[in-house]
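Structure record follows, encoded as structure tokens.
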Amino acid sequence: MHAFRARGRLALVAALALATAAHAAPAPPAAAAERVVVALGDSLTAGWGVAPEEAWPAQLEARLRAAGFAVRVINAGVSGDTSAGGLARLESVLRAAPALVIVALGANDGLRGVPPETVRANLTAIVARLQARGVRVLLTGMRVPPNYGPAYAEAFAAVYADVARRTGVPLVPFLLEGVAADPRLNQADGIHPSAAGHRVIADRLAPTVQALVAPGPARPGARAGAGR
């Protein structure tokens, strides 16, 4: 009986020692956490007229994952949205705890003739709120048709470079670069990209987004996508 108790005490001591060692030992490295990217935009982002998996946010996610990034891209595009609408729903975007937000707004502002200074103020407010929460931002520019005259179109296009310069965020000068006005890459309305057009957008954004979601500090104020 005494021998049994002695053996029991030894077993208990050994078990406690193993448990203590297990707690003291460093935990094995966890799998890389999935990072969230939110694409905040309008119908050009939502993928009007194409399947959800064909819109550029979904195609961008596929490219990032193929490159080895544990990333989920949330499509927060809303058809008809403006810079004011994007600002109004920014809190819902922040609830997703994004590491990066791609701001792709302004096309509908331009079509409606919203004053460039209003668009500038809205975009600046969006970027500032995201930065205040520690979220990286990629700003994409937009150009408008000359419906309201060349002076308006020029002032509108200048908004994006100005916001990027003032806030220090990287800029893709024109979201639809290589897509706009190409009938092979647009739907019948000549405005919304086809699946092939969305593919071009995703291809152009992917290198810049990869750099922004990779570990380490982002380079503020970089001009992204230039010359591509």
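The values are calculated or read from the model by the stated rules, or taken from the named source; none is laboratory data. Keep in mind the model is a prediction, meaning the values are calculated, not measured. Glycine also receives a Cβ, built like all others from the backbone with ideal geometry; neighbour counts cover every protein chain displayed.
Listed values, structure above:
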quantity: Exclusive hit being farther than 18 Å from Gly141 by Cα and of a type in the set (A, V, I, L, M, F, W, C), set Ala206, Ala202, Ala188; calculated: Ala188
quantity: Output for segment 192-208, where each listed residue is outside any helix (DSSP H, G or I) and farther than 11 Å from Gly49 by Cα; calculated: none
quantity: Close pairs from segment 107-118: first more than 18 Å from Ala161 (Cβ to Cβ), partner part of a loop (DSSP other than H, G, I, E, B) and among the β-branched types (Val, Ile, Thr), Cβ under 6 Å, at least 6 apart; calculated: Asn108/Thr82
quantity: Condition check for Ala125: without any contact (Cβ under 8 Å) to a residue 24 or more places away in the chain, in a helix (DSSP H, G or I) and surrounded by fewer than 21 Cβ atoms within 10 Å (Cβ to Cβ); calculated: no
quantity: Candidate set from segment 128-152 (those that are in a helix (DSSP H, G or I) and in contact (Cβ under 8 Å) with a residue 24 or more places away in the chain); member that is surrounded by the most Cβ atoms within 10 Å (Cβ to Cβ); calculated: Leu130
quantity: Residue match in segment 64-73 (condition: touching a residue at least 60 places away in the same chain (Cβ under 8 Å), surrounded by 21 or more Cβ atoms within 10 Å (Cβ to Cβ) and assigned to a helix (DSSP H, G or I)); calculated: yes
quantity: Residues (within 15 Å of the chain's Cα centre (by Cα) and part of a loop (DSSP other than H, G, I, E, B)) located in segment 101-122; calculated: Leu105
quantity: Qualifying residue in segment 209-227 (condition: modelled with pLDDT under 95, within 17 Å of Val127 (Cβ to Cβ), outside any helix (DSSP H, G or I) and touching a Gly at 6+ places or on another chain (Cβ under 7 Å)); calculated: yes
quantity: Residues of segment 74-97 classified as assigned to a helix (DSSP H, G or I) and more than 18 Å from Gly134 (Cα to Cα), total; calculated: 5
quantity: Any chance Ala151 is farther than 26 Å from Trp48 by Cβ, among the aliphatic types (A, V, I, L, M), at pLDDT 95 or above and within 18 Å of the chain's Cα centre (by Cα); calculated: no
